[in-house]
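See structure below.
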Amino acid sequence: MRIALFATCIVDAMYPEVAQATVRILRRLGHEVIFPEGQSCCGQMHINSGKFAQAEPVIANHVRAFTSTEWDVAVAPSASCVASLSHQQPMVAERMGNDALASEASEVADRTYELTQFLTDIEGVTDAAADLGSYFPHRVTYHPSCHGMRLLRLGDRQSSLVRSVEGIDFVELPLADSCCGFGGTFSVKNPEVSSAMLADKVRTIQATEADLCTGGDASCLLHIGGGMSRFERTGRFDGTPDVTAVHVKETSTTDAQGHTTERLTTVVGADDDDHLTPGQRGTAPAEPSRTQSGFRVGQAAVHLARILASTKDDPLRVPSEGAEVSGGSLR
């Protein structure tokens, strides 16, 4: 089968290793994989913000990129973007009075699958170890993205494939169906609410004591990884952003003639705790230990495509094995 890879903009720009893992999986099944030139964003960011006029040319670009060459099906490692193709693109084109674009967008969407959707529904893969050679002997928990659950209705496709990887120690995530707080532009427009939701998600991930949290959407994992990274740096679960502390203290000096001068002094730096009371000073560790508040630190987020692509001959390493972690995401 000739498969067109829809990499998505977040994967292409920030997690290219996820696209590479997707290609390895598809080629392992004997498929030819092509990359339609000119592909970019699906327009979801614009659409979710109500910017239909701005979204229309983005949708047209996607359709143009995926109708410029021949392919049987398209596959993307993103439930969110695949959902946008079918649930948003035709609707926006119709709203803008572009029926021809709406028809073409629907045709492209009908042949585009999320990775595990393709593996299970089209290829009939039910055992990742047997069918893909997947091997990953580590403790893993799984976060289902909202769009995957509620729009694509993936059910247990993703979790079942991850569970079937040889050697994996799969642990259920408490309150797994709760949103991580990303929601695309939601996290930008409502940072306080988003951060509070993220804190709840990080708490549940920490409680599993898993090495990694996996999922099928790089955007959610970006958000979750950032939250876990913040916890490791600060030892805190809350959504307070990392800032440099700036505070003011009152000081006094006495000159040789005995004159006292009082002044206010600005103190900059999170390491300076002069603004704290004696009982508060020194309570924050310079480097978080392996456990904070009874929970484990050093966890990371990773897309499930990379776990499914991991084999005994070419294994995916975890942080304890020296793997690089950036922003809470496994590299």
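The values are calculated or read from the model by the stated rules, or taken from the named source; none is laboratory data. Just so it is clear, the model here is predicted, and its values are computed rather than measured. Cβ coordinates were reconstructed from backbone atoms using ideal geometry, including for glycine residues, and neighbour counts include every protein chain displayed. Protein only, heavy atoms only, side chains kept; ligands, DNA and RNA dropped before computing areas. Shrake-Rupley method; radii C 1.70, N 1.55, O 1.52, S 1.80 Å.
Counting only residues that are more than 27 Å from ILE307 (Cα to Cα) and out of contact with any helix residue (DSSP H, G or I) (no Cβ under 9 Å at 6 or more places or on another chain), the stretch 167-203 holds 5 of them.
Mind telling me which of the residues LEU212, LEU198, LEU175 ends up being open to solvent by 60 Å² or more (accessible area, probe 1.4 Å) and at pLDDT 90 or above? After applying the criteria, what remains is LEU175.
If you check ASP177, ASP217, ASP211 for being acidic (Asp, Glu) and more than 23 Å from GLU324 (Cβ to Cβ), only one passes: ASP177. For PHE231, state whether it is modelled with pLDDT under 90, of a type in the set (Phe, Trp, Tyr) and more than 29 Å from HIS46 (Cβ to Cβ). So PHE231 fits the description; yes. Taking the conditions exactly as written (open to solvent by less than 10 Å² (accessible area, probe 1.4 Å), out of contact with any helix residue (DSSP H, G or I) (no Cβ under 7 Å at 6 or more places or on another chain) and either more than 18 Å from GLN299 (Cβ to Cβ) or of a type outside the set (A, V, I, L, M) (or both)), does GLY225 satisfy them or not? Criteria met by GLY225.
Please determine whether any residue of the stretch 66-73 is of a type outside the set (Lys, Arg) and within 30 Å of ARG163 (Cα to Cα). Within the stretch 66-73, one or more residues are of a type outside the set (Lys, Arg) and within 30 Å of ARG163 (Cα to Cα). Which one of these does GLY148 not meet: (1) modelled with pLDDT of 95 or more; (2) open to solvent by less than 20 Å² (accessible area, probe 1.4 Å); (3) within 26 Å of the chain's Cα centre (by Cα)? For GLY148, the failing item is (1).
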